Amino acid sequence: MKTVVVGLLCVIAAGATEASTLTREQARALARSANTPAQHLMLAEYYRGESQRLIAESREYAARADEYQANSPIPFRPVSKYPTSGTSYRSLSAQYLKEANKTAELATAQERLAQ
C-alpha cells in the first residue's frame, strides 16, 4: 500500500509540474499523505483554484437570480411557501459562496503547513 501511495505521489508531482493543477481525486490522495512543503503548496494552489471556481459559480447564480427578478413572469411576489427560480438561484449562490470560503480556509491552512 505504501508503494502505491509513493507511486501516486510521483505521478501527481510529475503531472503537477506539467499542468500545475490537480484533479479532485489527486488532491484527495495528496491531502491524506502530504508531508513536504512542496506538497502542501500544491494543495494550497489547488484549493485556491477551487475557491475561485466556486466564487465564479456563485456570481453566475446571483446574476441569474437578478435576471429572473428583473424579468419575472409573475407580476406580483409569490408567497415564500412556493419558492421561485430566483430564490432557488439565490440559495445556490449562497451555498457556492460558503463552499468557496471553506476552500479558501483550506488553502490558507495548507500554506501554513508548508512553512
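Quick note: the coordinates plus some simple rules give every number you see, no bench work behind them. Note that the coordinates shown come from a computational prediction; the quantities given were computed from them, not determined experimentally. FYI the Cβ positions are ideal-geometry reconstructions off the backbone, even for glycines, and counts take in every protein chain you see.
Equivalent ellipsoid semi-axes for the stretch 26-67, as square roots of 5 times the alpha carbon gyration tensor eigenvalues: give them largest first, rounded to whole Å.
Values: eigenvalues 198, 15, 4 Å².
They are 31, 9, 4 Å, listed largest first.
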Distance in nm between E67 and T108 label points, each 7 Å along Cα→Cβ, equals 3.3
Residue list for the stretch 34-75, given a label point 7 angstrom along the Cα-to-Cβ vector of S91 and an amide N cut-off under 15 Å:
62, 65
